[in-house]
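> Quick one: this structure, given as structure tokens, is what I'll be asking you about.
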Amino acid sequence: MKVADFMTRGVLFAAPEDSLRKVAGLMLRFGINGFPVLERGKLVGMITQGDFLRRAETGTERPRLAHAFADPELLGKEYLHSHGRTVAEVMTRDVVTISEDASLSDAVELMLRHHINRLPVVKGGAVIGIISRVDLLHAFLVATASSAATDTSDAAASER
């Protein structure tokens, strides 16, 4: 099975200058956990619900005592992330992508290796879709339905 068979097409996206408030509202309204971030049609990042963790507004910043032992460069990045107001300030910039021709097993391998829940699907540098864990769950149901329909063993018959 290929990524193109199960990816979501017509993906909503965010722009780097969008406010975090706007993106959070879109995530809630459409039940989406993350968006590709496009600038002039080019993928420049991803914004996900995880980027809203440890926010100053919600009092979920890293405890001050932990700052005493942290790397100053890391602290600067964390400060910007927790106090940022636009997508560009908090988005993940190093985006892992996949081709529509890749296998679902390749998608799973990338998600597991990079600890991510979704992959933008790109073709010729343009985002043409997204494959997420929900899409992989759908692929599982399709695969098990077709294998169940063809399994005529006694054991399979007794499970029905």
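The values are calculated or read from the model by the stated rules, or taken from the named source; none is laboratory data. These figures come from a predicted structure and were not determined experimentally.
> Out of 134, 142, 108, 95, report the one residue that is at pLDDT 60 or above, outside any helix (DSSP H, G or I) and at negative phi.
Only one candidate passes the filter, namely 95.
> Of all residues in region 21-53, which are part of a helix (DSSP H, G or I) and polar (S, T, N, Q)?
49
Yes/no matrix, rows are residues, columns are (1) over 27 Å from residue 22 (Cα atoms); (2) β-branched (Val, Ile, Thr); (3) assigned to a helix (DSSP H, G or I); (4) modelled with pLDDT under 90:
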{"position": "81", "(1), (2), (3), (4)": "no, no, yes, yes"}
{"position": "101", "(1), (2), (3), (4)": "yes, no, no, no"}
{"position": "127", "(1), (2), (3), (4)": "no, yes, no, no"}
{"position": "146", "(1), (2), (3), (4)": "yes, no, yes, yes"}
